[in-house]
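Here is the structure we will look at, set down as structure tokens.
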Amino acid sequence: MKHKKLNQKGSTLLFVSMMISFLMVMALAVAQVILVEVKIGGDFASGQKAFYGKQSAFELSFLNKSNVSLTNLTNSTQILSNLTSPVLNSYVFNNRGMSSAIRREDNIVFVRPKIISTAHSLHALQTRGIVWGWGYNSQGELCRGTATFAEQTPALSSGLTDVVTIAGGGSTYDHFLALKSDGKIWGCGYNDSGQLGDGSNTSRNTPVRVYDVNLNNAVFLASGGMHSLAINSNGSIYGWGHNTSGQLGNGGTTSQNRPYIVSGSLTGISSVYAGLFHSIALKNDGAVYAWGGNSTGQLGINSTDSNRTAPALLSGISSVKSVATGGYHTLALKNDGTVYAWGANNYGQLGATTTDTCGGWSCTRSPILIPGLNNIVAITAGQFHSLAIKADGTVYAWGQNLAGQLGDGTDVNKSIPTKVLTLSSVISISAGAWHSAAVKSDGSVWVWGDYPGIQGGTPFEPIRIQIGSVFLKL
């Protein structure tokens, strides 16, 4: 038995043949293909199966991911016709097994569970590549085919399958984007500035495809206040949507409803991030570039310029692993597990003391270390608050807390990282305007703070999301 790796963008690949159950139906075919369900850690996924080989007796050995035999099935009377190419999605009624001369190849792709926030809604990516959404929906950002004020119960987004990563943004109104395994981007929601990138300025309540003449094979995705960013497979960065602060990085300030390439000769870009009016790019070597609005120092370039319309290199930080962009501030996680911050600090969202002033707000225009925050593995930023996951799976939060978005049981702002109550084993976090969310390693989804349609009122500590009487599990 052979396990064939399938390389797909933004996904965690699991190649296994274990706990296999058969689904077989009658069909007019000579060869046999079996649809299997593969159980991994309590979750199931279907994978496409292909069989190759020459005619011989049936004999099938099931192996786990360590190539240890689980069971054998044999039948010496059944034979296959010669197979010279894969036989996909054809079924015959036969539960006998396969010959040792037949080679089976399994392509099974799991995406890592992920939760993302727009300003006022939540979207969860399940391991099967499907998306759940709930919260604010006045512009159709939940992709349900309707535009309603808010939806409390999570429901599947229509037409979104084979999704490998998701992104959401918003200010007054929200938009949502999904990247599929074929490299195409789809979006729905508010589109007044062209942030859906479909060549129009019309809001959508069902997914539309981002115009992709040049952006034809995206590998990374980000959404800001009213703009969006993506990296193409050739390494080019594209931006579309609102651009009055130069956040598209194309040298101008005119908004665009189709993707335009970011100026400059940036190469080796691994990820991009979008704030309310600013944008960030991270290189493979840990260098950080920034462009767009800079009224509160959120670009981190130690400049009082109000904006930059093309990427500028940050000189005060290196060896960065990931970035998070808030409304008017930015966080950077370094390879050593420490976190740096810059931009607005009017609610303590930088987690450190600042002495500069930007437009009447406390701020810093250069990266500063957040003291006492170590062993961090992931970060996120909301409009005026910040979150981080530690290596032990606990979550810390700081900044604005008027709606309980810090999850510490109070509504008091915090200028130093404070532990979120009751959470452990967290693998994904997200922050919106006044809410926060997390996914635990068991796939359970937890939220706290406030957004339209939130379950349980405005919780000041995490509550688990339900669909009726059943808990949502990713």
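We did not get these values from a lab; they are worked out from the coordinates using the rules stated. Not measured: the values here are computed from a predicted model. Cβ atoms come from the backbone with ideal geometry, glycine included; neighbour counts cover every protein chain shown.
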Point to revise | Local electrostatic count at Gly225 - Lys and Arg +1, Asp and Glu -1, tallied over other residues with Cβ under 14 Å | key: -3
Review point. In the structure shown, do any of Lys114/Lys440; Lys321/Lys440; Lys390/Lys440; Lys334/Lys390 have a Cα-Cα gap over 20 Å, and if so which?
Key: Lys321/Lys440
**Study point:** Counted charge near Glu151, where neighbours are those whose Cβ lies closer than 15 Å (Asp, Glu -1; Lys, Arg +1)
**Key:** -1
Study note, to complete from the structure: Classified through the alpha carbon gyration tensor (a ≥ b ≥ c as square roots of its eigenvalues; rounded if a/c is under 1.5, else prolate when a/b is larger than b/c, else oblate), the stretch 281-392 comes out oblate
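If you take every residue apart from Gly404 with its C-beta less than 11 Å away from the C-beta of Gly404, what net charge results, scoring Lys and Arg +1 and Asp and Glu -1? The partial results should precede the final answer.
Details: positive: none; negative: Asp408, Asp411, Asp450, Glu461.
Charge balance near Gly404 sits at -4.
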Check your understanding: Applying the Karplus parametrisation 6.51 cos²θ - 1.76 cosθ + 1.60 with θ = phi - 60° to the phi angles of the stretch 453-467, what ³J(HN,Hα) value in whole Hz is obtained for each residue in order, glycine and proline being reported as x?
Key -> x, 4, 6, x, x, 10, x, 8, 9, x, 10, 8, 7, 10, 10
Practice item. Filter the chymotrypsin sites (Phe, Trp or Tyr not before Pro) in the stretch 292-395 down to the DSSP loop ones having no more than 10 other Cβ atoms within 10 Å, then list what survives. Key: none
